[in-house]
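Student: One structure, pasted below without further comment.
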Amino acid sequence: MPRPRVLSGVQPTGALHLGNWLGAIRNWVALQDSHDTYFCVVDLHAITVPHDPARLAEDTLTTAALYLACGIDPQRSTVFVQSHVSAHSELAWLLNCVTPLNWLERMIQFKEKAIKQGDQVSVGLLDYPVLMAADILLYDADLVPVGEDQKQHLELARDIAQQRINARFAPRDAAGEPIPVLKVPEPLILKDGARVMGLTDGSSKMSKSDPNEGSRISLLDPPELITKKIKRAKTDPTMGLEFGNPERPEADNLLGLYALLAGKSREQASQECGAMGWGTFKPLLAEAAVEALRPVQERYQQWRQDPGAVEAVLRDGQAQAATVAEETLDRVRQALGFLPRS
Ligand code: TYM
């Protein structure tokens, strides 16, 4: 039996933060033991908002090196750059032509990002989820490990595969039964870490696009900066850390971060910090964050000392990914009735 397939990706827009790590990349690592894993740096997604061409290549390499530093093993996983496999753009076009416009207009992330950009919103931003569907469907992914904010995009990918491609274009076998063209993927959203909130506001998500750097901890922040950001993090006047009190989103978020970073269960963290004042808790959280990120930062430096090594991983990844992707793309071209290439 072939192993079930996993695909996921992160955009190379600025430094990755604790949300990207705890909500996504950290969960990819364990899947390498049981699944056939594909991880791409989604650079085509990164240009759906205004971007700096002088930074894109460097940020792409940084993101790939961070995957490796976080424990993605190129011997066991295919690590590649989305734009290096042109099948992503081509499948996105084919899917565009069967995806209703109003499915895209109701996407929450589109609406949120579009509000910020006014009349500068690109067609690419609207189309972002279709490209994401192409990323996933090209690899016949069974499972897509992502944070909570990607749930709606995953549902869209499933609907496109099921309702817009399989239901309409599946060829029939000898018995007249439809042969699905695309695999319908499942999201994998683990409860812990699926929604890491910002440090300056416990009710808004930690995000790369927040103009306030102090709202997030980047995976490459030096220890002093991590400590400083945590020291300045928003608190409330109540004594003791607790989960689940809607009046205290910061307590819930920071206690959750502590549990994840210190490798403790939520119960253990609650017991340990339930009676603690913020002044005692914050240094403890800072130390847990620094220690959790230390090995990632060390491995990152090792990879970055040899940029050729990261590029070699991406070159191998491109070749492996393109083989799988081309096969799927061909299946879709055939199902849609294109004249075969000779
Ligand atoms: P991006 O770069 O915005 O986010 C990458 C991953 O990090 C997760 N994430 C979070 N998780 C918990 N708390 C947070 N505050 C937080 N912020 C971000 C996201 O859920 C995501 O898993 N659209 C994808 C990129 C993508 C993709 C794909 C993912 C493109 N094609 C195919 C999976 C499969 C995204 O959100 O990127």
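Student: For Val98 and Ala54 in one chain, what is 0.36 nm times their gap in residues minus the Cα-Cα distance, to one decimal in nm?
Tutor: Contour length minus Cα-Cα distance gives 12.3 nm.
Student: Once neighbouring chains are kept in place and the probe is 1.4 Å, which whole percent of the accessible area of the stretch 40-80 is contributed by carbon and sulfur?
Tutor: 57 percent
Student: Please work out how much length the chain gains when fully extended from Ser89 to Asp192, using 0.36 nm per residue of separation minus the C-alpha to C-alpha distance, in nm with one decimal.
Tutor: 33.8 nm
Student: For the chain, set up a GNM with springs between Cα atoms under 10 Å and report which of Gly279, Gly193, Gly23 has the largest fluctuation.
Tutor: Taking springs between Cα atoms under 10 Å, the residue moving most is Gly279.
Student: Once you put a point 7 Å from the Cα of Lys208 and another 7 Å from the Cα of Arg172, both along the Cβ direction, what distance in nm separates them?
Tutor: Reported label-point gap for Lys208 and Arg172 is 4.7 nm.
Student: Where does helix 307-336 land angle-wise versus the long Cα axis of the chain, in degrees 0 to 90, nearest 10?
Tutor: 40 degrees
Student: Give the cross-link partners of Lys231 among the lysines, using a straight C-alpha distance below 16 Å as the criterion and excluding same-chain residues fewer than 8 apart.
Tutor: Lys282
Student: Based on Cα positions only, what radius of gyration and what Dmax would you give for the chain, in angstroms?
Tutor: 21.3, 72
Student: Arranged from highest to lowest average of other beta-carbon atoms within 10 Å per residue, in what order do the peptides 167-178, 135-146 appear?
Tutor: 135-146, 167-178
Student: Related question: In degrees from 0 to 90, rounded to the nearest 10, what is the angle of the helix 53-69 Cα long axis to the longest principal axis of the chain?
Tutor: Tilt of helix 53-69: around 80 degrees.
Student: For Lys205, list the lysines whose Cα falls under 17 Å from its own Cα; do not include residues on the same chain fewer than 8 positions away.
Tutor: Qualifying lysines at Cα under 17 Å: Lys111, Lys113, Lys116, Lys151, Lys191, Lys229, Lys234.
Student: To the nearest 500 deg cm²/dmol, what mean residue ellipticity at 222 nm is calculated for the chain from DSSP H runs of n ≥ 4 alone, each contributing -39,500 (n - 2.57), summed and divided by the residues?
Tutor: It lands at -15500 deg cm²/dmol.
Student: Along the Cα→Cβ direction, 7 angstrom out, place labels at Arg76 and Leu339. What is the inter-label distance in nm?
Tutor: With each label point 7 Å from Cα toward Cβ, the separation is 4.8 nm.
Student: How about the stretch 293-337: which GluC sites (Glu not before Pro) there lie in a loop by DSSP and see at most 10 other Cβ atoms within 10 Å?
Tutor: Filter output for the stretch 293-337: empty list.
Student: Kindly report the accessible area of the stretch 222-316 per residue (heavy atoms of protein chains, probe 1.4 Å, no ligands, DNA or RNA), in Å².
Tutor: Ligands and nucleic acids excluded, the result is 54 Å² per residue.
Student: Using only Cα atoms, tell me the angle between helix 108-117 and the longest principal axis of the chain; keep it within 0 to 90° and round to the nearest 10.
Tutor: Roughly 70 degrees, rounded to the nearest 10.
Student: Follow-up question, since we're still on this one. If one computes the Cα centroid of the stretch 63-84 and of the stretch 248-314, what distance in Å separates the two points?
Tutor: Value for the Cα centre distance between the two parts: 21 Å.
The values are calculated or read from the model by the stated rules, or taken from the named source; none is laboratory data. This one's a predicted model, so the numbers in the text were calculated from it and none came from an experiment. We place every Cβ from the backbone using ideal geometry, glycine too, and count neighbours over all the protein chains shown. Surface accessibility is based on the protein's heavy atoms, side chains included, excluding ligands, DNA and RNA. Shrake-Rupley method; radii C 1.70, N 1.55, O 1.52, S 1.80 Å.
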